[in-house]
1. Once you wrap a convex hull around the alpha carbon atoms of the range 4-292, what is its projected area averaged over all directions, in nm²?
2. Counting alpha carbon pairs within less than 8 Å and at least 6 residues apart, what relative contact order, in whole percent, applies to the range 348-488?
3. Order the peptides 157-167, 50-60 from the highest to the lowest mean number of other Cβ atoms within 10 Å of their residues.
4. With all protein chains present, calculate the accessible area of K226 using a 1.4 Å probe and round the result to the nearest 10 Å².
5. Please give the residues of the range 149-184, grouped as numeric ranges, whose backbone N is less than 12 Å from a label point set 7 Å along the Cα-to-Cβ vector of R56.
6. With a probe of 1.4 Å, find how much accessible area the range 4-292 has per residue, and write the answer as a whole number in Å².
7. Beyond a 32 Å Cα-Cα separation, which of these cross-linked pairs lie in this structure: K17/K407; K226/K471; K81/K117; K179/K407; K132/K368; K297/K407?
8. Taking 0.36 nm per residue of sequence separation and subtracting the Cα-Cα distance, how much length would be gained by fully extending the chain between A116 and E264, in nm to one decimal?
Amino acid sequence: MPDFEPVIGLEIHAQLKTETKMFCRCRAGAFDAPANTNICPVCTGQPGTLPAANERAVELGIRTGLALNCLINEVSVFARKNYFYPDLPKSYQISQYDKPLCGPGFIEIDLKDGGAKRIRVTRAHLEEDAGKSLHALGSEELDHTLVDFNRCGIPLIEIVSEPDMNSPEEAYAYLTELKQLLEWTGVCGCDMEKGELRCDVNISLRPRGETKLGRKVEIKNLNSFKAAKDSIVYEISRQAGALARGETIAQDTRLWDEKAQRTEPMRSKEMAHDYRYFPEPDLPPLRVTAGRLEAAKKEAGELPRAVRARFQRDFALSAYDAGVAASGRELAAYSEACMRLAADSGLGAKPVINLIGGEFLARLNERKIAPPDIAAKAISPAALVKTAALVSAGKISASAAKTLFTKAWDTGKDPEALLNELGLAQVSDSAQIETWAKEAIAAHPKAAEDFRAGNEKAIGPIVGVLMKKSKGRANPQLAGEIVKKLLL
Ligand SMILES: [Zn+2]
């Protein structure tokens, strides 16, 4: 088969985190509201109503553009995108067309080989969402389609990339990086199940070395990053097969069928669009003054990529550990506070990040502590660093450290004081460990026999019993050595 190069572009719709809708005062975040309760004459297109642009949405749009290294256009224009569909009561969507809020920019993604690649962003523009059709065709109670207008007018930013990605992995990396940027800057909640982030893929193939683009196919309805990646993998093999057989690729719009793991063409009727864009006569051009742009730049702060680079530089973290420490804005602030304390006390950053990436994140998850609550509800950085120092100095075993960590978190007590209070200090006393080892061997005669017969792995359950008897306090390395010595 000839060698084909995939060429991939992505279009993302992200819901802006505003209190109210794009052009009216209906609530924007009411995901669970009963159908058609969160609507008004403006967002349902009643005659005589006028839209007014949501200032906060514009602010968040500017912030998004800055995060994507975009040019922010001083003047942008809202436009009507005309099409007829039951979930669009006005019969047009207010969007931006030839004069978007954010002009060209780029996102940098990390490649597997350790390098980075710049993916150009064509534009990012503001628009409103449409409603939702609920198809219940064929069901017994209902054989028609219902429409819920609650989503009509929800503010969105559409982010369009250039076709700069050449593999499913690059597309996945772009989506991950973009999601982190949107969450980090607080512009979008990014919950794909709630439809806060939606993704369309454009993909074509061309013979490697060719510079002209092939016929592109659009894939819609991707409700997870995994679905986006899987659909790209599928399309590459489908298109390569067709091209190798000498067929031409039909330029169509396809849907991803999650169950069948393949794309299916949409009915052509649904894609024959001529939107007849024209400037929205009811809204003035959007102006971004220099002062407003400056304020937005100040508000944007340091972006995740810069923080990761700084952590690698200042705290000698690996790229992986820097990614763990800075996987969110609040977590990055917490990690940094911990690493600074550790540096002051002569402890390196590594034991601290091990504890944050392991027990700390597991507890946050278990206790459903959202990132904004980390500062108020999590263990103090000082207590975390002290626990990490005890592990690092071998004063406590890794398993006992879990108990100590949780206790320190819950009681707010000093980990060193708790270590004695709970009797969790690591036992490295050979005589004591030998006593436990003898009991453990007696409890597992079969395993002891197997080990003596040459099965090295048989030692596992014996050491397990020993650790249990010591309540996790035995020095694990010493425990292993002593059990071996007794068995041989
Ligand atoms: Zn409304």
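The values are calculated or read from the model by the stated rules, or taken from the named source; none is laboratory data. Bear in mind the structure is a predicted one, so any value in this text is a computation, not a measurement. Here the Cβ is made from the backbone with ideal geometry for all residues, glycine too, and neighbour counts use every protein chain on show. Please note that ligands, DNA and RNA were not included when accessible areas were found on the heavy atoms of the full protein model with its side chains. Shrake-Rupley method; radii C 1.70, N 1.55, O 1.52, S 1.80 Å.
1. 17.0
2. Once normalised by length, the contact order is 22 percent.
3. In decreasing order of mean packing, 157-167, 50-60 become 157-167, 50-60.
4. Surface open to solvent at K226 totals about 120 Å².
5. 155
6. Using a 1.4 Å probe on heavy atoms only, each residue of the range 4-292 averages 49 Å².
7. K17/K407; K226/K471; K81/K117; K179/K407; K297/K407
8. 49.9 nm
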